[in-house]
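Working notes, structure below.
The values are calculated or read from the model by the stated rules, or taken from the named source; none is laboratory data. Only a predicted model underlies this, so the values are computations on that prediction, with no experimental measurement involved. When we count neighbours, we look across all protein chains shown, and the Cβ atoms used for this are built from the backbone with ideal geometry, even at glycine. Accessible surface areas use protein heavy atoms only, side chains included; no ligands, DNA or RNA. Shrake-Rupley method; radii C 1.70, N 1.55, O 1.52, S 1.80 Å.
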Amino acid sequence: MAKAPARGGAVRFASMSDRSLDLDDFTDLIERPQGSLRRASEARRERMVVPPGALGRLDDLGEWLSTAQGQVPVRPIVQPRAVVFAGDHGIAELDVSARAAGSAHQLVREALDGTSPAAILARGQQVPVRMVDMALDCDPGTLPAEVTRYRVRRSSGRFDREPALTEEEAEQAFRTGMALADEEADRGTDLVLLGDLSVGGTAAAGTLVAALCGTDASVVTGRGGGGIDDLAWMRKCAAIRDGLRRARPLLGDQLRLLAAVGGADLTAITGFLLQSAVRRTPVVLDGVVSAACALVAQRVAFRAPDWWLAGQAGGEPAQARALDRMAIEPLLDQRIAVGGGTGALLAFPLVRAAAQLSAELPERDEESEPEEAEASGDQPGPDISYDAT
């Protein structure tokens, strides 16, 4: 069995309080999955009884999991977890969302009560959900303490006229994401299904994507999870345009960029993605928000996207731009925009199936083939044939 260094032994940052935060460190700490493992996985796939290519993209997923896990054959996924970051955004005060500003806590409550689409899917697939309040605009006493304990502030600022966060708040949010990634790696989580719940978050995501891709606001402005009308779309486009004026001068400093227009939840997600890559924890992205954070993370460490999958294409133009820039092809194309990890959870059965098939499909008994062929007088050939009819 081919193996890479264990995930638990991967290098991690020092204590969250005993050193300054330098994002350049991620470039050295994040390594690509070992190419030798991919070659070993491909060689094993050639020996399986099912012909190579017959399983379509499941073959590619199996190889990706082998390199992410650091071993061949793949281990079945046994400890998945959905991690959902939540927050309100001040930009929602401009009526750029179908939901009222400051109402993201209602989405969180639905998820905790088990009535949201993501919660229903997670329950059906027996995937535990971790909810993280980074900037909800509600009394923390209305939600469980384990949800609100990481909150940085009540709602991120209105990025069209002020920074979404102070630099101190941005560092706190980023470090929180890193710490949560370490916790998941230490508890043995072998696949993270990433999600987000916010009001105004897609506007922040669109601003980040437009800034990093060098596009205009109109190119990345979508309708969000609630399907806004044309007037709201124009207000959202104008807000992103104004945010771009603040974002573009900061492209060389990703933490200040997140402070300017990202908000606490997006900043925490970016830190979570980067530290998950450091700890060799594979992550399935959800929609436009996680794609935007992944794009920021790629700017920090170009090897980081090798540790991520895109669950589904949600129909937001900013998500399509971000995934195209990172050369990540979504597993599904369902145009789901409800967030909360729904798209990642929908893709999870595919990832789990790929792991199970890669781990359990038998290999051909190559030693017996020449003997059987000699006894029958036939030339050696494949031991199993497949008829598509």
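For this structure, a couple of remarks:
- Qualifying residue in the range 83-105 (condition: under 23 Å from Trp233 (Cα atoms), open to solvent by less than 50 Å² (accessible area, probe 1.4 Å) and within 19 Å of the chain's Cα centre (by Cα)): yes
- Cross-chain or 6+ apart pairs with Cβ under 8 Å, the range 358-372 first and hydrophobic (A, V, I, L, M, F, W, C), then at pLDDT 75 or above and assigned to a loop (DSSP other than H, G, I, E, B): Ala359/Pro73; Ala359/Val74; Ala359/Arg75; Ala359/Pro76; Leu361/Val50
- Number of positions in the range 314-329 that are touching a helix residue (DSSP H, G or I) at 6+ places or on another chain (Cβ under 8 Å), assigned to a loop (DSSP other than H, G, I, E, B) and either modelled with pLDDT under 95 or of a type outside the set (A, V, I, L, M) (or both): 3
- Set Ala179, Ala173, Ala239: member being in contact with a helix residue (DSSP H, G or I) (Cβ under 9 Å, 6 or more places away or on another chain), open to solvent by 10 Å² or more (accessible area, probe 1.4 Å), at negative phi and of a type in the set (A, V, I, L, M, F, W, C): Ala179
- Filtering the range 67-110 to residues that are of a type in the set (Lys, Arg), under 22 Å from Met131 (Cα atoms) and part of a loop (DSSP other than H, G, I, E, B) leaves only Arg99.
- Out of Thr281, Thr270, one residue alone is more than 23 Å from Gly90 (Cα to Cα), in contact (Cβ under 8 Å) with a residue 24 or more places away in the chain and among the polar types (S, T, N, Q). It is Thr281.
- Subset of the range 281-307 (residues that are open to solvent by 10 Å² or more (accessible area, probe 1.4 Å) and not in a loop (DSSP other than H, G, I, E, B)): Val288, Gln298, Arg299, Val300, Pro305, Asp306
- With respect to the conditions (1) without any contact (Cβ under 8 Å) to a residue 40 or more places away in the chain; (2) part of a loop (DSSP other than H, G, I, E, B); (3) small (Gly, Ala, Ser), Gly339 falls short on a single one, namely (1).
Yes or no, residue by residue, for (1) touching a residue at least 40 places away in the same chain (Cβ under 8 Å); (2) out of contact with any Lys or Arg (no Cβ under 8 Å at 6 or more places or on another chain); (3) at positive phi:
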| residue | (1), (2), (3) |
| --- | --- |
| Arg39 | no, yes, no |
| Val49 | yes, no, no |
| Pro52 | no, no, no |
| Ile77 | yes, no, no |
| Asp95 | yes, no, yes |
| Ala111 | yes, yes, no |
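- Listed by position, the helices (runs of 4 or more DSSP H) enclosed by the range 147-264 that each have at least 1 residues that are β-branched (Val, Ile, Thr) are 167-186, 201-213, 217-220, 230-247.
- When residues in the range 197-228 are screened for being open to solvent by less than 10 Å² (accessible area, probe 1.4 Å) and on the phi > 0 side of the Ramachandran plot, 1 of them pass.
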